[in-house]
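Undergrad: Have a look at the structure that comes next, please.
Any read-out appearing in this document is the output of simple, stated calculations on the displayed coordinates, not a laboratory observation. For clarity, every value in this text was computed on a predicted model and none was experimentally measured.
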């Protein structure tokens, strides 16, 4: 079936002549006539009575028009709906983010406030999500990206630091060097391949420390809560514990030592026909991510 035949036939009937339909469709009159003839040939029935004075529908043409016209209208409405969708951010935005990535919260709030016709669905996971297969628009990913066909936009960097509650530090020996961690209770993040081996950096120096994990979890908020409660020494992105550090609920230990800075990217499948909701979201996060990280780290 050639949907163009349907469109041309419907326009001829609505306009009342081949000439008027050709003007509406911006097509040569001969092309309009050929499309109608092709349609009649395909379905095996004459649809229009052509005379020098007027154009009329046959019985078959009337039946066909009654059913074809609503189809053409639906297609036109579908075109308009997509055009409107492409005109401004709207619809459902599906985003996957790392676990415990609460720094993104204010940015999502800002985005939804700015674009009231957008709805957001955020899924927190440290699994590498197949964006196309699983129907996600954007992923926020921390770490070095593997080669792929995804488009990546750099947002900024994060690094992890060592923290502990004042009460814990009072009860245990002072931490003077990374090796002292071996004598302390630690709170480990379990999705990493070796959660009980922490690699600390100080300038060009690097030290691997085998820790004793008093508690392990895949939730950064639980790690922070456990550290705040005095369970042990935690290893967390400094931006995510900045408020607790500011309030004195936890303190930095071994302040010269941290993880290397880890890049954070927004990734999405393609730039071709990129929807406004994705483009606007990535632009806003790129604009606000680093200032938010910097503010959190103060």
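Undergrad: Against the longest principal axis of the chain, how steep is helix 29-43, in degrees 0 to 90 to the nearest 10, with axes from Cα atoms?
TA: Helix 29-43 sits roughly 90 degrees off the main axis of the chain.
Undergrad: Between the alpha-carbon centers of segment 17-68 and segment 186-200, tell me the distance in whole angstrom.
TA: Value for the Cα centre distance between the two parts: 73 Å.
Undergrad: If you don't mind, there's one more thing I want to ask. What does DSSP give for the chain in terms of the percent of beta bridges that are antiparallel, rounded to the nearest 5? Walk me through the intermediate numbers first.
TA: Numbers: 27 of 43 bridges.
Antiparallel bridges: around 65 percent, rounded to the nearest 5.
Undergrad: Fully extended, how many nm does the chain gain between residue 123 and residue 205 (0.36 nm per residue separation, minus their Cα-Cα distance)? Provide the component values of the computation, followed by the final result.
TA: Values: separation 82, 0.36 × 82 = 29.52 nm, distance 3.65 nm.
Separation in residues times 0.36 nm, less the Cα-Cα distance, equals 25.9 nm.
Undergrad: If you don't mind, another one. May I ask for the distance between the Cα centers of segment 88-106 and segment 241-266, given as a whole number of Å?
TA: That distance is 23 Å.
Undergrad: Report relative contact order for segment 149-261 in percent, whole number only (criteria: Cα-Cα under 8 Å, sequence separation at least 6). The partial results should precede the final answer.
TA: Working: 198 pairs, mean separation 49.5, N = 113.
Worked out over segment 149-261, it gives 44 percent.
Undergrad: Something else about it: Once you have the Cα-Cα distance between residue 243 and residue 92, take 0.36 nm times their residue separation minus that, and quote the gain in nm to one decimal.
TA: Values: separation 151, 0.36 × 151 = 54.36 nm, distance 3.18 nm.
Using 0.36 nm per residue and subtracting the Cα-Cα distance, I get 51.2 nm.
Undergrad: Going by alpha carbons, how many degrees (0 to 90, nearest 10) lie between the helix axis of 276-297 and the longest principal axis of the chain?
TA: 10
Undergrad: May I pose another question? Shape of segment 160-252 from its Cα gyration tensor (a ≥ b ≥ c, root eigenvalues): rounded if a/c is under 1.5, otherwise prolate when a/b > b/c, or oblate?
TA: Working: a/c = 1.32, a/b = 1.18, b/c = 1.11.
Because its axes are fairly even, with a/c under 1.5, segment 160-252 counts as rounded.
Undergrad: Let me ask something else about it. Subtracting the Cα-Cα distance from 0.36 nm times the residue separation, let me have the gained length for residue 112 to residue 53 in nm, one decimal. Provide the component values of the computation, followed by the final result.
TA: Numbers: separation 59, 0.36 × 59 = 21.24 nm, distance 5.91 nm.
Going from the current span to full extension adds 15.3 nm.
Undergrad: So how tilted is helix 59-87 from the main axis of the chain? Cα-based, degrees 0 to 90, rounded to 10.
TA: The answer is roughly 30 degrees.
Undergrad: Between 47, 254, 145, find the one with the highest GNM mean-square fluctuation for the chain; connect C-alpha pairs within less than 10 Å.
TA: Highest fluctuation among the options: 47.
Undergrad: Rule-of-thumb check for segment 3-87: C-alpha Rg over 2.2 N^0.38 Å?
TA: Values: Rg = 13.6 Å, N = 85, 2.2 N^0.38 = 11.9 Å.
That works out to 1.14 for segment 3-87.
Undergrad: Using a Gaussian network model on the chain with a 10 Å cutoff between Cα atoms, which of 276, 28, 178 fluctuates the most?
TA: Among 276, 28, 178, the largest mean-square fluctuation in the Gaussian network model of the chain belongs to 28.
Undergrad: While we're looking at this one, here's another question. Which whole-number percent is the relative contact order of the chain (Cα, under 8 Å, 6+ apart)? Please report the intermediate quantities before stating the final value.
TA: Details: 467 pairs, mean separation 63.9, N = 298.
The value is 21 percent.
Undergrad: Please say if the chain is rounded, prolate or oblate, where rounded means a/c under 1.5 for a ≥ b ≥ c the square roots of the C-alpha gyration tensor eigenvalues, and otherwise the choice is prolate for a/b larger than b/c and oblate otherwise? Kindly include the intermediate steps, with their values, before the conclusion.
TA: On the way: a/c = 4.44, a/b = 4.02, b/c = 1.10.
Prolate, because a/c is 1.5 or more and a/b exceeds b/c.
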